Amino acid sequence: MMAKEMAVTDDAESLKSSDSDKKTGNIESEATLPEVSVVGQQQAKATDPVAGYVVNKSLSGSKTDTPLIEVPQSISVINNDEFTARAAQSITQAVAYTPGLVSGMFGPSTRDDYFNLRGFEGTQYLDGTRLMSSGNSYAQLRVDPYGMERIEVLRGPSSVLYGQNAPGGLVNMMSKRPTDTPFHEIQFLGGSYDRVQGSVDLSGPIEGRNDLLYRLVALGRGSDTQVDYVEDNRYFVAPSLTWKPSDVTTLTFLSHYQKDETGNAMQFLPYEGTVLGNPNGKIPTNRFIGEPDFDGYEREQFAVGYALDHRFNKVFSARQNVRYANITSDYRGVFPDYFNGFDSDTGRLIPGGSFVDSDMRNIYRYGAHYKDKADTFTLDNQMQADFFTGDVGHTALVGVDFRHFTSERQRGFSDAPNLDIYNPVYGVRFDNPILGAGIQQEQDQIGVYAQDQLKWNRWIATVGIRHDWSSAVTRTGGGDSTPQDDEAFTYRTGLSYLFDSGVAPYYSYSESFEPTAGTTFAGVPFKPTTGQQHEFGVKYQPAGYNVLMSAALFHLTQQNVVTADPDPAHVGYSIQTGEARAQGAELEGKASLDMGLDMTASYTYTDTKVTQSNIDAERGNNLTYTPEHQAGMWLDYTHKQGDVAGLGLGGGLRYAGGNYGDLSNSQKTPSYVLVDAAVHYDLGQLHSKMKGMRLGVNMSNLLDHEYLTTCYGGSCFYGDRRSVLASLRYNW
């Protein structure tokens, strides 16, 4: 069995380079710090698969092959072993135990993954390139976790490397890639809500060609959801191919196709009947407030690209990452109409309510139809130089990245019949929305960046600078266009010191810049946001153990924050309120021990505040979707010896404090604690003919606790109810 123990090499001679190596620039073997390696499974590259929960290298924090302990910024890596152990069915579920991150703010969404990092919306990346996103489009690319090797969460501003980026951080999903060692897997899964799913993962060298490696990942699913009349069906296939024409050149082609046939599991339920009392009782968690014969969401997405890596000599190497993606979506739904409604506090009909009258049973509704399509092309060119100046080692990086994004939307609205939310009667005829003229958006961004990681003795200094240029134009159906041009300079600095004990304290300062997509209700483009962060932290990787722990204190500010438009006539639109601040502390620990124990634990304290706003009632309030306290712990233990060898048990606890869904802090959801559990067994322990077969059962929200994730604009969203999934997996 593959060992999970760690070994720390602390050779004093390795802290100094020979004159010949300094001349050639070879610093790969000249570790100025104690080198942390995994016995028997050394992670040669940051993209390599890793057994267990502890990952030692990451590309997200520096765009270079850098150990996590050397990066002066908070990074969490959730690899395939970890989120597979919890049977994660979405990226939202995969990152549920991660500090500083709130996922699933709007409940069990079947459309998108939503993330909040350190009080701000998180940006999503795939293999280091930004996913398409627009505030005026439901054509959002969503990836299936089965196609991912790992998920890297980088917290804090990262514009110096990634350009247009939200200040809270980013979630970078890394695709499975072809492997040198043959790997084959087939899995069947079924459980709650009539879920039936099959998947296959095949990889290895092409027969007779050691220079060609392949991988084929595919998945098919049919399922209902906890909400009546909402399905969750998916078809996913991701072929990839790696070509190694020489020892210094690698070219990997990556692609995927995905089709989703689902609906809207995010039900916009009234505040009265979910958080507050209602004389008619509590609204059930399975309540569907749309129309079964009308509502639906279909998405089709396709992406293709490549990653090229070439080393010219011991000093210079180059990388190029390219991706093109296309996505179309068709979204139809009947929603509560908050333009007019009944206010239970005053007993009057007012704008912003949803109930028709004081009975608090019937809600106003309207029908909506959105047809969206989007295309994006991303390119990232990097040149790296590894060399010495005296006793100082350098890993210098320069790069140019480019992104082109276009989107088009057609939409239509119509009145829909009222609905008794406690005794719904569906099927009342109404006029289907008529699609109007399209709204088009086009965005271009180009950035030039440079970074140097300097190593001297046990000190590591990181310095980076970047300049961005961006342009955007929004064209309405009437022929009007709204152009926007922005540019910004951002930088990052960091300093770390690695002690012999494996302790590495650090400090960093970083900035963000993001030309915000979308317009106000009046059609005025949003201004770019800017952010600044100071972070103090410490990372710890003890000798002899496969353990990585970290702690961080941060202070983060952002200007030109986009928030919901408070005008009840502008539902669905946003404005920019000024400045916001988030500060707090994060703790995280991961371990994979040879005794058969894998674990991850985290705690987050986040204090947020609106420091400037054009709405007096918001100033000084908390930011949205951000609990003050969060915590989580997951343990998985597998017996290695005795009569129960091969039997494993897993269990986890997740705590989230209450959060506000609006900047006026008028609606707050209660805190909650969830329990997860798992049991699995290696069937190969029963008979040699069943070697490679694994049977597992996962239970999410084991106690079936009913809770709310957030409330926003009068709407509240239930979280995931109990889910039980059984799986049978065969590897060979």
#### Entry: Overall Cα dimensions of region 50-209 - principal axes, largest extent first, Å
44, 40, 27
### Label-to-label distance, nm, for residues given as L435 and N457 (7 Å Cα→Cβ offset)
6.7 nm
### Structure-derived semi-axes √(5λ) of the Cα gyration tensor in Å: which label, when the choices are (1) 44, 34, 26; (2) 46, 30, 24; (3) 42, 31, 25
(3)
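Can you tell me the relative contact order of region 6-731? Whole percent, Cα pairs under 8 Å, sequence separation 6 or more. Walk me through the numbers on the way to the answer.
Numbers: 2119 pairs, mean separation 89.1, N = 726.
For region 6-731, the relative contact order is 12 percent.
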### Message
How far apart, in nanometres, would the label points at I465 and T328 be if each is projected 7 angstrom from Cα along the Cα-to-Cβ direction?
### Response
4.7 nm
## Note on the structure
At q = 0.14, 0.19, 0.21, 0.29 1/Å the base-10 log of I(q)/I(0) from the Debye formula over the alpha-carbon atoms of region 692-732 is -0.50, -0.66, -0.71, -0.92
### Query
Between A318 and L587, what FRET efficiency follows from the Cβ-Cβ distance if R0 is 35 Å, with the result rounded to 0.05?
0.35
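Length gain on complete extension for the stretch D444 to T520, per 0.36 nm per residue less the alpha carbon to alpha carbon distance? Before the final figure, lay out the partial values.
On the way: separation 76, 0.36 × 76 = 27.36 nm, distance 2.01 nm.
Taking 0.36 nm per residue and subtracting the Cα distance, the gain is 25.4 nm.
Cβ neighbours within 10 Å, averaged per peptide: list 642-650, 326-334, 57-65 in order, most packed at the top. Numbers along the way, then the final one.
Working: 642-650: 14.6, 326-334: 20.3, 57-65: 22.7.
Highest mean packing first, the order is 57-65, 326-334, 642-650.
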### Message
Starting from 0.36 nm per residue, how many nanometres of slack lie between Y730 and F489 once their C-alpha separation is accounted for?
### Response
81.6 nm
### Reach of K668 by Cα under 16 Å, taken over lysines that are not fewer than 8 positions away in the same chain
K609
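Using a/c under 1.5 as the rounded threshold, could you call region 387-453 rounded, prolate or oblate? The axes a ≥ b ≥ c are square roots of the C-alpha gyration tensor eigenvalues, and prolate needs a/b larger than b/c, oblate otherwise.
Details: a/c = 10.12, a/b = 2.93, b/c = 3.45.
Since a/c reaches 1.5 but b/c is at least a/b, the shape of region 387-453 is classed as oblate.
Among 436-443, 507-514, what's the highest-first ranking by average C-beta atoms within 10 angstrom per residue? Present the calculation step by step, with values, prior to reporting the outcome.
On the way: 436-443: 17.6, 507-514: 23.6.
Result, highest mean first: 507-514, 436-443.
FRET efficiency for K45 and V675, Cβ-Cβ distance as r, R0 = 30 Å, nearest 0.05? Walk me through the intermediate numbers first.
Numbers: r = 37 Å, r/R0 = 1.24.
About 0.20, to the nearest 0.05.
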### Task
Give, rounded to the nearest 20 debye, the magnitude of the charge dipole that the chain has about its Cα centre when Lys and Arg contribute +1 at Cβ and Asp and Glu contribute -1 at Cβ.
760 debye
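If you filter region 570-675 for trypsin sites (Lys or Arg not before Pro), then keep DSSP loop positions with at most 16 other Cβ within 10 Å, what is left? Each step should come with its number before you reach the end.
On the way: sites: R581, K590, K609, R619, K640, R654, K668; in loops: R619, K640.
Those satisfying the criteria are R619, K640.
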### Task
Please name whichever of S574, M360, Y540 sits farthest to the positive end of the charge dipole of region 6-731, dipole taken about the Cα centre and charges placed at Cβ: Lys and Arg +1, Asp and Glu -1.
Y540
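Note the full-extension length gain between A569 and D247 as 0.36 nm times their separation in residues minus their Cα-Cα distance, in nm to one decimal. Working shown, then result.
On the way: separation 322, 0.36 × 322 = 115.92 nm, distance 6.23 nm.
Difference between extended and current length: 109.7 nm.
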### Of K63/K314; K640/K691; K371/K527; K176/K455; K176/K640, those spanning more than 22 Å from alpha-carbon to alpha-carbon
K371/K527; K176/K455; K176/K640
### Task
Specify which residue in the list Q453, T47, S700 is farthest towards the positive end of the charge dipole of region 6-731, using unit charges on the beta carbon of Lys, Arg (+1) and Asp, Glu (-1), about the Cα centre.
T47
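Any read-out appearing in this document is the output of simple, stated calculations on the displayed coordinates, not a laboratory observation. Just so we're clear, the structure is a prediction, and the values are computed from it rather than from any experiment. No Cβ is skipped: glycine too gets one built from the backbone with ideal geometry, and neighbour counts run over all protein chains shown.
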